1. Looking only at residues in region B:70-87 that are in contact (Cβ under 8 Å) with a residue 12 or more places away in the chain and not β-branched (Val, Ile, Thr), which one is surrounded by the most Cβ atoms within 10 Å (Cβ to Cβ)?
2. How many of the residues making up region A:20-61 are of a type in the set (Lys, Arg), under 27 Å from A:Ile81 (Cβ atoms) and in a loop (DSSP other than H, G, I, E, B)?
3. Check off (1) more than 24 Å from A:Pro11 (Cβ to Cβ); (2) buried (at least 24 other Cβ atoms within 10 Å of the Cβ) for A:Glu68 and give me the number that stays unchecked.
4. What number of residues within region B:17-70 are outside any loop (DSSP other than H, G, I, E, B), within 10 Å of chain A (Cβ to nearest Cβ) and closer than 27 Å to A:Arg188 by Cβ?
5. Among the residues of region B:124-138, how many are among the basic types (Lys, Arg) and over 16 Å from A:Glu82 (Cα atoms)?
6. Conditions first: (1) β-branched (Val, Ile, Thr); (2) under 17 Å from the mean Cα position of the chain (by Cα); (3) outside the structural domain of B:Ala27 (by TED's automatic domain parsing). B:Ile75 passes all but one, so which condition is the exception?
7. When the residues of region A:183-209 are narrowed to those that are among the acidic types (Asp, Glu) and in a strand (DSSP E or B), which ends up surrounded by the fewest Cβ atoms within 10 Å (Cβ to Cβ)?
8. Quick one: count up the residues across region B:130-144 that are without any contact (Cβ under 8 Å) to a residue 40 or more places away in the chain and either among the basic types (Lys, Arg) or more than 14 Å from every other protein chain (Cβ to nearest Cβ) (or both).
Amino acid sequence: MKLPPLDYICPATLPEAIAALAVHGGNAKVIAGGQSLMPMLAFRLAAPSVLVDIGRLPDLKSISISAEGIDIGALVTWRDIERDAQLAQAHPLLAAAIAHVAHYQVRNRGTVGGSMAHADPAAEMPGIAVTCDAMLTIVGSTGTRILSANEFLTGGLSTVLGADEILTSIRLPLWKKARRWAFEELARRRGDFALAGVAAFYDIDAQGLAHNAHIGVIGVADRPMRLPGVEAILDGRRIDADVILQAAAVARDAVDPADDIHAEAAYRRDLLGVLLERALARAANITLPEAA
Amino acid sequence: MTSARPVHFTVNGAAATVTVEPRTTLADALRNELRLTGTHLGCEHGVCGACTVIVDGAAVRGCLVLAAQAEGREITTVEGLGSAAHLSALQLAFRKHHALQCGFCTAGILTTAHALLTEEPHADEDRIREVISGNLCRCTGYLPIIAAIMEARIAYRDVQCEAAQ
């Protein structure tokens, strides 16, 4: 349906935007690409009295790679990431995951910051942020705070963002060159919301053993999460078919997805196991025996 | 202030001003204020792709952009692609391949394909299929649409060659 009546302001600077949010308290909502918020407004699931458009703020649209890490501005779009060959080299897991986000037209407007702030449990960007230990920079009336993705996300469509705060950038730790990794997700159509997804990486030591395993999952809980039980199985082991099947069994038990109209809980749980098997097999470059 | 205010942008090469409430989407402003009714609204929540228009060269869903967000932008709608007397190469290919039946989704698919081929005139069939997956068509089964877009690619390559010379 049509959007609820609301006011719209488009500040030119970050301080102006924060001041506008502070004036309106919880009745204002930040809009950038609007690819999550506009549907929420159309369904009237959100009815803010004013939209503060940060889409024209300077300095939030850059991707920079330095010794400190990979900094991605909140206004960077999926299309910006897709076109950045240097970023794909610098963080192949991010590039692979973002390839699954939404359809062509939405990718042209949807932003990294918007996806984090919207906090959909099946979204790829929050999943990568949690898996890769990302740090988020949040600016508000009382100053700047830097939080981990885990601290930032508090539940389905919920974050710690205050009424007068704006997420300005996200920093991913630098990626190690020889790292083994894979991203797997299943959606009914490419670009649709994931029924479940797995982001996985680990490093290999001189003996060929895995360490520093990071296994993150999306779509199977109210927010993306790591699976420490699975990571513990991988760390210190040579990743072969036995280890992968063992890891998948632990993953199935580690999650407790809910039933919804897209998939039953049991289906999502099984799917997660299959996706983890595929991800780890791909990361290790091995072929798993066909299931009996 | 939720009352109407002016927004200025360029539509199909001509300057336009619409006076709309802030909640008005770009698609509604184009249709209701400028009577550019070639842009169709299907779902109005960003799923069907029927309302796709091109903003500063990028295909976007017209129902997921506020008219106010288009201030100063250059917009191309299906009316800007060709005319009944002079169909574009893409439109001719759609006619040749019977790439539409009821026509409701067609404007959004034409604008999407136009943006894609302008940027990627060598897009392969997989890429075209992936991009068109963002547009729902319940008549054609997509095969003639894919065939038409595949055939139209050559016209966009010629444009690139001319631009390069």
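1. My answer is B:Ala70.
2. 2
3. Going through (1) more than 24 Å from A:Pro11 (Cβ to Cβ); (2) buried (at least 24 other Cβ atoms within 10 Å of the Cβ) one by one, A:Glu68 breaks only (2).
4. 10
5. Result for region B:124-138: 2.
6. (3)
7. Looking at the filtered set, the residue picked out is A:Asp203.
8. Looking only at that region, the number is 4.
The values are calculated or read from the model by the stated rules, or taken from the named source; none is laboratory data. Please read all numbers here as calculations on a predicted model, not as lab measurements. Don't worry about glycine lacking a Cβ; one is built from the backbone with ideal geometry, like all the others, and counts go over all protein chains shown.
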